[in-house]
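Right, one structure below, let's go through it.
FYI, it's all coordinate maths here, none of it is from the lab. Remember, it's a predicted structure, so these values are computed and weren't measured experimentally. Quick reminder, even Gly has a Cβ in these numbers, built from the backbone with ideal geometry, and neighbours come from all protein chains shown.
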């Protein structure tokens, strides 16, 4: 004991309240605390009923702990030593050892283990160390502020998890609501996955939150202790100061790192839709748009049927185009009467065995007079067939990009447009029960668009076949 006066008092003090243990309990990790102190800082239990150890964060079950009787008896024996006196020599603690940061008696200072150390009278040490107290309080306040921000961030993440999962479920319900007969099992599995992710995320976040709240409670407890120590008389101040500052530095050194939880939240993505399309083919597509050709936009050589669902290029000499800016005067083209500005849309066009055509969308504000530049920068997103052989995607280039020669020429083309996802996809819809992808643009459209149809010149009858909107498929009429 003579090697370190005061060490026994320190070892028998609770690291939370810095007082001698009262009803001490020892956790599975080996750390000991007053039972009441552990109950105050334990925080919310985890789902398995455990709370983190305030010293090392190891999980423990506080309700299964019993009082450490051996430790309690040592505390009772130490309590017999008069306060402010050496535990070994029973002399007053009147000297402060700067080297060991401890109050010692005159015997320890002159003859004991502190002989030759840097020693100060207790009064001088009290004045000097009390002047350092504001800096300790500042460090503590800064640590509290940092951890309060971390707690706020975790609580915000919890809200985001709940909101993201709520939005996910809503999107699933919106897209699959009309197809419950086909997709009930898929919706159930998606809901289970969302619940699993939400549950795992909540457990992880609450575990981090419990640890941070426990640590923050320690910091706040230290604030109270510092405030209490500051007003103590000289002897008691010096006795407590070493314990307080040592514990404070230990707490600050054991500060939990900022939480960084990478949580993969469920989202509705293009890949999700593609996987569902492969399984459900046409059944997952939005209902066919009820579109009609706009006669006022048609090139003079084009004839639109009375119902507005069929357009063809005639051989007779066309009258000259008027001055209407809505009408195409060079491109043998027409647009739909319906303007598309948001949401999802799907329509099909019967191209038959026409050797030359182009389909897509046109920006509402794009010019229609003169020769058209069929590129996205000019407000046109098109896919076409050239000479009955090669499909061409009209991208940002001087010439259209040849994709490939299809194994079979599509007789019907399906177009899917999603403003939210920024997708314009083209499909071979010749088969009534399947869609084969042809090409897709992946970019968000800058504004409302009209469905666009380039009928192309009739070429002396070689390309005289009409374009017409596909009627609503009979098998889709059975959908609820």
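Key figures for this structure:
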| read-out | value |
| --- | --- |
| Largest to smallest principal axis extent of the C-alpha atoms in segment 1-80, angstrom | 47, 20, 18 |
| Extension reserve of the residue 375-residue 117 stretch, reckoned as 0.36 nm per residue once the Cα distance is removed | 84.3 nm |
| Relative contact order (percent, whole number), the chain, Cα cutoff 8 Å, 6+ residue spacing | 12 |
| Ellipticity estimate at 222 nm from DSSP helix runs (n ≥ 4, -39,500 (n - 2.57)) divided over the chain, nearest 500 | -12000 deg cm²/dmol |
| Prolate/oblate/rounded call for segment 332-397, Cα gyration tensor, a/c under 1.5 rounded | oblate |
| Rounded if a/c under 1.5, otherwise prolate or oblate - segment 287-469, Cα gyration tensor axes | rounded |
| Geometric extent, Cα atoms of segment 125-254 - Rg, Dmax (angstrom) | 24.8, 82 |
| Segment 125-254, relative contact order in percent, only Cα pairs under 8 angstrom and at least six apart counted | 40 |
| Stretchable slack from residue 181 to residue 326, in nm (0.36 nm times residue separation minus alpha-carbon distance) | 47.8 nm |
| Relative contact order of segment 287-469, pairs being alpha-carbon contacts under 8 Å that are 6 or more residues apart, as % | 28 |
| Share of pairwise Cα separations in the chain, more than 29 Å, in percent | 66 |
| Global form of segment 15-126, assessed from the alpha-carbon gyration tensor, a/c cut-off 1.5 | prolate |
| In nm, spacing of pseudo-spin labels at residue 280 and residue 65 (7 Å Cα→C-beta vector) | 5.4 |
| Neighbour-count order for 149, 232, 354, fewest beta carbons within 10 angstrom listed first | 149, 232, 354 |
